1. For the stretch 265-404, just say rounded, prolate or oblate: build the C-alpha gyration tensor, square-root its eigenvalues into a ≥ b ≥ c, call rounded for a/c under 1.5, and beyond that prolate if a/b exceeds b/c, oblate if not.
2. Read phi for every residue in the stretch 175-180 and hand back ³J(HN,Hα) as whole Hz from Karplus 6.51 cos²θ - 1.76 cosθ + 1.60, θ = phi - 60°, with x for Gly and Pro.
3. Residue by residue through the stretch 291-308, which ³J(HN,Hα) values in whole Hz follow from phi under the Karplus form 6.51 cos²θ - 1.76 cosθ + 1.60 (θ = phi - 60°), with glycine and proline marked x?
4. What is the antiparallel percent of DSSP beta bridges lying wholly in the stretch 42-184, to the nearest 5?
5. Compute the distance from the alpha-carbon center of the stretch 471-491 to that of the stretch 365-403, in whole Å.
6. What are the trypsin sites (Lys or Arg not before Pro) within the stretch 424-457 that DSSP puts in a loop, where the Cβ has at most 12 other Cβ atoms within 10 Å?
7. Please sort by residue number the trypsin sites (Lys or Arg not before Pro) in the stretch 55-125 whose DSSP state is loop and whose Cβ has at most 13 other Cβ atoms within 10 Å.
8. Hey, which of these cross-link pairs are over 27 Å Cα-Cα: LYS178/LYS485; LYS255/LYS485; LYS87/LYS255; LYS346/LYS456; LYS184/LYS387; LYS121/LYS553?
Amino acid sequence: MNSKYKLLIYHSDKYVLLITLKKIINSLMIQSYKRKIDFEDKYDAIVIGSGMGSLTSAALLSKEGKKVLVLERHYVAGGFTHVFKRKGYEWDVGIHYIGEVQNQNSPIRKMFDYVSDENLKWEDMGEIYDKVIIGNKTYDFVKGVENLKNNLISYFPKESEAIEKYIQMVFDCNKSMKKFYMDKALPSFVSSLFGYFFRKKYLKYSSKTTYEVINSLTQNQELIKVLTAQYGDYGLPPKQSSFAMHASVVKHYFKGGSFPVGGSSEIVKTINPVIEKSKGKIVVRAEVKEIIIENNKATGVLMEDGKKFFSDLIISGVGVFNTFDKLINNELSVKYGFKNNLKFVKPSVAHGCLYIGLNGNTEDLKLPKNNLWIYPDDIDHDTSVAKYLEDQDSEFPLVYISFPSAKDPSWNSRYPGKSTIDVITLLPYESFAKWEGTSWKKRGEEYDNFKDSISKRLLECLFKQLPHLRDSVDHYELSSPLTTKNFVNYDKGELYGLDHTPIRFSQKFLRPKTPIKNLYLTGQDIVSAGVGGALFSGLITATAITGINFMKKIYK
């Protein structure tokens, strides 16, 4: 048996081979474009990119009997749901927790079950899912709406009325969201006639900033800072972000957080067989150079090596900037107004993630399941971000710490005696622009030293909270915005696609169907940030293509 199909587990300073049929099958599922593959002459659908939106669209179409080809430029599928392994450790690059999957009848859980044939399992993170740390004060975000409300009131007893109104407004905003996204799946002519009535109520919330809405309820700046402490989940501080995006994230975690059992790579592993059942396939190391368009109709894709694949249905899940700036030639992009549309949106924030490997298991190291959100004291989020962007030697405006090995019940059996931590902060792309054009792992000593200085600062943030871990760190490495650009192909290393500003939600071109026949979009750009937003984008795209009410079908 070829050694590359063997799973290596690092244990007690020795490599122990663990070979099971299931693992062999999993490693073979995602095929490499550079290996000899029997491709079809034509596919029912071609999907560009293999992020959550692309995988969901592909799975839903596959369940309708469509033969779908998913093309991924990276050497591993999954977009921000993929993992990487190094030095005997494994890290999830994008998924740190998911909400609304604890209830088996919630829309997001039903969707995950449907596209994975119920093979994707979840582990609850417990009563406390987020701890917000501001200076020397700690605020627990606890599972359950009433529990959370009562906890917030215990911290701010004079603000009970404002907290009640805030939670109700979060629910009201999310209730109006359904029709807003239904409009995106409607045929263009129907949307032009009636879409305003679908969008009107949601736009009342999305057109205002998070700070504008919450400040109308309370002038207690400490409370506002706590209520908006999860802004890192969508990338913009409260005076810049749309309240609709904030409300979506907050409600998403009202019932707690969960983590995929086996790590986030289980998402693509469980969806891939669904695609293969209809003779489709996911192919990695398969970079699309251009979408072939003839007579206002998308007919296929041209690969980087000159090979062509054809289909009457092309779905791009790689973001609107990549699609309209790179995959469609400039003349057509101008002709259809894509270039002009892109002037009204901009890429979201870039970030850095410090991946840490530790000697010791979760119990020995006393690692929590809950996340830590750490902020400077006596300064609001927006001012803190602005100060940091002017001087990156100043205090980090946000440090997020996640403990993936503590969240995954299968971790100890897969990596005994080891643990992992992710530490994330904002890192502007401009700080790394001087190394544009250099190759991954070969960017030079100055780049490595710069990253190491950031790494050590982030390690000190971790040790301030958990000082007993200082002697347990075995390995660490920092991903920069250039790393994100290299692997996820976002031009400025952005984490959440497009910025979630009020103006973003008023852009009607952010919908699945494009003016080019047979060309559709999916992914977080047409819905909202994160895995949940991308998941629903796949449903909306598949609905726009087929006319099928997939949510009704899933529940049935």
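1. Values: a/c = 3.42, a/b = 1.50, b/c = 2.29.
Oblate shape, in that a/c is at least 1.5 and b/c is the bigger or equal ratio.
2. 5, 6, 5, 4, 5, 4
3. Values, residue by residue: 8, 7, 10, 10, 6, 6, 9, 6, 10, x, 9, 9, 7, 4, 8, x, 5, 10 Hz.
4. Values: 10 of 14 bridges.
About 70 percent, rounded to the nearest 5.
5. Here the answer is 18 Å between Cα centres.
6. Here the sparse-neighbourhood loop sites are LYS441.
7. LYS87
8. Working: LYS178/LYS485 32 Å; LYS255/LYS485 33 Å; LYS87/LYS255 36 Å; LYS346/LYS456 31 Å; LYS184/LYS387 38 Å; LYS121/LYS553 21 Å.
Those over the limit are LYS178/LYS485; LYS255/LYS485; LYS87/LYS255; LYS346/LYS456; LYS184/LYS387.
Throughout, read-outs are computed from the coordinates displayed, never taken from laboratory work. Just so we're clear, the structure is a prediction, and the values are computed from it rather than from any experiment. Cβ: placed from backbone, ideal geometry, glycine included. Neighbour counts: every protein chain shown.
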